[in-house]
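The values are calculated or read from the model by the stated rules, or taken from the named source; none is laboratory data. As the structure is a prediction and not an experimental result, all values here were calculated from the model. Cβ coordinates were reconstructed from backbone atoms using ideal geometry, including for glycine residues, and neighbour counts include every protein chain displayed. In case anyone asks, the SASA skips ligands and DNA or RNA and just uses the protein heavy atoms, side chains included. Shrake-Rupley method; radii C 1.70, N 1.55, O 1.52, S 1.80 Å.
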Amino acid sequence: MRTKERIIEEALTLFSTKGYEGTSVKNIAEAVGIKDSSLYKHYKSKKEIFDTIVQEMSSRMERMSQTLGLPDEADMERAARIYRDLTTEGLIQLSRQIFLFYLKDEFAARFRRMLTIEQYRTKEIYGVYRKLFMEDSIAYQTALFREMTRWGVLKEADPAAMAMNFYAPVFFLLNKYDQEPEREAEAFLELERHVREFARIYARSEEGNDAEET
């Protein structure tokens, strides 16, 4: 691992345990095993290190979506087509993969903890936390559910409310099992119950889709 990458890794670990404000550049340099002056050759400030971590997390989230074959917000029609063709079992499996990424991926888990700790101390970091884990997620799902409703996949309902009803329990489960990732099997059972209930409430032809799959 290059020095720049080690700085990011050690800084994220410190930020996720001591908080951004509670971590100094000296703390980061000591964790990496270099002098403060050497760290400044790679990053101008602690703020630049934080911004790089945010950029890296955004890239990882994008790569995760690409790996799962999920289009971004620029192609809602294709996204709706993918979700339309999923059975309830398929949606459960997809939800598990996404949930597992945020729960157990070492970078993603530390990143979320860092923002959770620091959101009450730093308004700018709260803004990042709100945007990535609330506003962006709800905006994407609102657009997706609106498109799926237009196609007749979901029942007529407020797409923003549907997005809240789907996302909020998932976000709750992430926080519930954040400190106990080894209990993922239990988390998966709760996640499955949630997805099935969401499909029961909102899917227009959920039973028909499952029958076609079998």
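Miscellaneous remarks
- From the options Glu156, Glu56, residue that is among the charged types (D, E, K, R), at pLDDT 90 or above and open to solvent by less than 90 Å² (accessible area, probe 1.4 Å): Glu56
- Going through (1) open to solvent by 60 Å² or more (accessible area, probe 1.4 Å); (2) in contact (Cβ under 8 Å) with a residue 12 or more places away in the chain; (3) polar (S, T, N, Q) one by one, Thr67 falls short only on (2).
- For the residues Tyr102, Tyr83, Tyr40, the requirement of being open to solvent by 50 Å² or more (accessible area, probe 1.4 Å) and of a type in the set (Ser, Thr, Tyr) singles out Tyr40.
Residue by residue, here is whether (1) of a type in the set (S, T, N, Q); (2) within 28 Å of Gly69 (Cβ to Cβ) holds:
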{"position": "Glu89", "(1), (2)": "no, yes"}
{"position": "Leu94", "(1), (2)": "no, yes"}
{"position": "Phe101", "(1), (2)": "no, yes"}
{"position": "Asp105", "(1), (2)": "no, yes"}
{"position": "Ala108", "(1), (2)": "no, yes"}
{"position": "Gln119", "(1), (2)": "yes, no"}
{"position": "Lys123", "(1), (2)": "no, no"}
{"position": "Val128", "(1), (2)": "no, yes"}
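- Where a residue in region 175-193 is over 12 Å from Lys104 (Cβ atoms) and its partner, wherever it lies, is assigned to a helix (DSSP H, G or I) and aromatic (Phe, Trp, Tyr), with Cβ under 6 Å and at least six apart: Leu191/Phe99
- Any hit, region 97-104, residues being charged (D, E, K, R) and either over 28 Å from Glu10 (Cβ atoms) or modelled with pLDDT of 90 or more (or both): no
- Enumeration of residues in region 114-131 that are under 12 Å from the mean Cα position of the chain (by Cα) and open to solvent by 30 Å² or more (accessible area, probe 1.4 Å): Arg130, Lys131
- Enumeration of residues in region 8-41 that are over 25 Å from Asp178 (Cβ atoms) and among the aliphatic types (A, V, I, L, M): Val25, Ala29, Val32, Ile34, Leu39
- Apart from one condition, Ile92 fits all of (1) modelled with pLDDT of 90 or more; (2) under 20 Å from Glu10 (Cβ atoms); (3) crowded, with 16+ Cβ neighbours inside 10 Å; the exception is (2).
- Matching helices (runs of 4 or more DSSP H) fully within region 1-88 where at least 1 residues are over 30 Å from Ile138 (Cα atoms) and among the small types (Gly, Ala, Ser): 25-32, 36-39
- With a requirement of 3 or more residues that are among the aromatic types (Phe, Trp, Tyr), the helices (runs of 4 or more DSSP H) lying completely within region 106-200 that satisfy it span 159-176.
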